[in-house]
Amino acid sequence: MPKQDDPPAETLPLGDLYKVAVDEYRFNVQLGWDRAKFLVGLHTALFGAVVALLRTEAGHPVPIATLSLIGCAAALVGVNIIDRSHRYYRRAVYKKTLLEDRLGLTRKVPGYDYAEATLAIGTTKSQAQVQQILNDTAEWLSRKIRIRKVVGQLKAFLWGVLVLHACNIAWQSWQLWG
């Protein structure tokens, strides 16, 4: 609930709201990157532990399979985290773009030939899709993450990790009971 001395949102200058939106966008980019680094580090450590146990003569299938079971769960949670982070990111891009449009930053700057010669922040190709972001927002926000994008590749990595851990669980089960 707003404090009594806070001005209503409608009275805040659009420029101030835009600064907040850009900060939110940056925060979501950084949060997504931090989560990605954590997930890659976590799975590197899990694979390292599995390999270390496999290389020892005393390596028993149960702890090795248990580590891989943890790896499977962590990969599934990781995919969910990546999806959620990307949804937050897209929502932040939408708000930023909406404010850019209200401030007139999405209009082409006269005298420049480049189609994207605007004052709007268009770091990525999808951010330059201003008309789709503003006019077909629900579609733009709900697009599938494409494999050609870094986020899509991270998701593919996590699915690959899941498969490797599942194969190791199957192998360790065969070693134990086969």
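The values are calculated or read from the model by the stated rules, or taken from the named source; none is laboratory data. In this text, all values refer to a predicted model and were calculated from it rather than measured experimentally. Here the Cβ positions follow ideal geometry from the backbone for every residue, glycine too, while neighbour counts run over all protein chains shown. Ligands, DNA and RNA are excluded from the accessible area calculation, which covers all protein heavy atoms including side chains. Shrake-Rupley method; radii C 1.70, N 1.55, O 1.52, S 1.80 Å.
Are there helices (runs of 4 or more DSSP H) fully within segment 70-178 with at least 1 residues that are within 21 Å of the chain's Cα centre (by Cα) and closer than 24 Å to Leu17 by Cβ? List them.
130-135, 137-141
Pick from Thr106, Thr137, Thr118, Thr123: which is exposed (fewer than 12 other Cβ atoms within 10 Å of the Cβ) and either out of contact with any strand residue (DSSP E or B) (no Cβ under 9 Å at 6 or more places or on another chain) or over 30 Å from His43 (Cα atoms) (or both)?
Thr123
Of the residues that make up segment 6-23, is at least one touching a residue at least 40 places away in the same chain (Cβ under 8 Å) and open to solvent by 60 Å² or more (accessible area, probe 1.4 Å)?
Within segment 6-23, not a single residue is touching a residue at least 40 places away in the same chain (Cβ under 8 Å) and open to solvent by 60 Å² or more (accessible area, probe 1.4 Å).
Among residues belonging to segment 99-131 that are modelled with pLDDT of 90 or more and small (Gly, Ala, Ser), point out the one that is farthest from Arg26 (Cα to Cα).
Out of the qualifying residues, it is Gly111.
So Thr56 passes all but one of these: (1) within 30 Å of Gln175 (Cα to Cα); (2) within 26 Å of the chain's Cα centre (by Cα); (3) polar (S, T, N, Q). Which condition number does it fail?
Every listed condition holds for Thr56 apart from (2).
Could you list, ordered by first residue, the pairs with Cβ atoms under 6 Å in which the first is in segment 143-159 and over 16 Å from Lys125 (Cβ atoms) and the second is in a helix (DSSP H, G or I), at least 6 apart or interchain?
Sorted first by the residue in segment 143-159, then by its partner, the pairs are Leu154/Ala36; Leu154/Ile82; Lys155/Val79; Lys155/Ile82; Leu158/Ala75; Leu158/Gly78; Leu158/Val79.
Hey, Leu46 hits all of (1) under 30 Å from Arg90 (Cβ atoms); (2) open to solvent by 60 Å² or more (accessible area, probe 1.4 Å) but one; which does it fall short on?
(2)
In segment 148-170, how many residues are open to solvent by 70 Å² or more (accessible area, probe 1.4 Å) and touching a Ser or Thr at 6+ places or on another chain (Cβ under 9 Å)?
3
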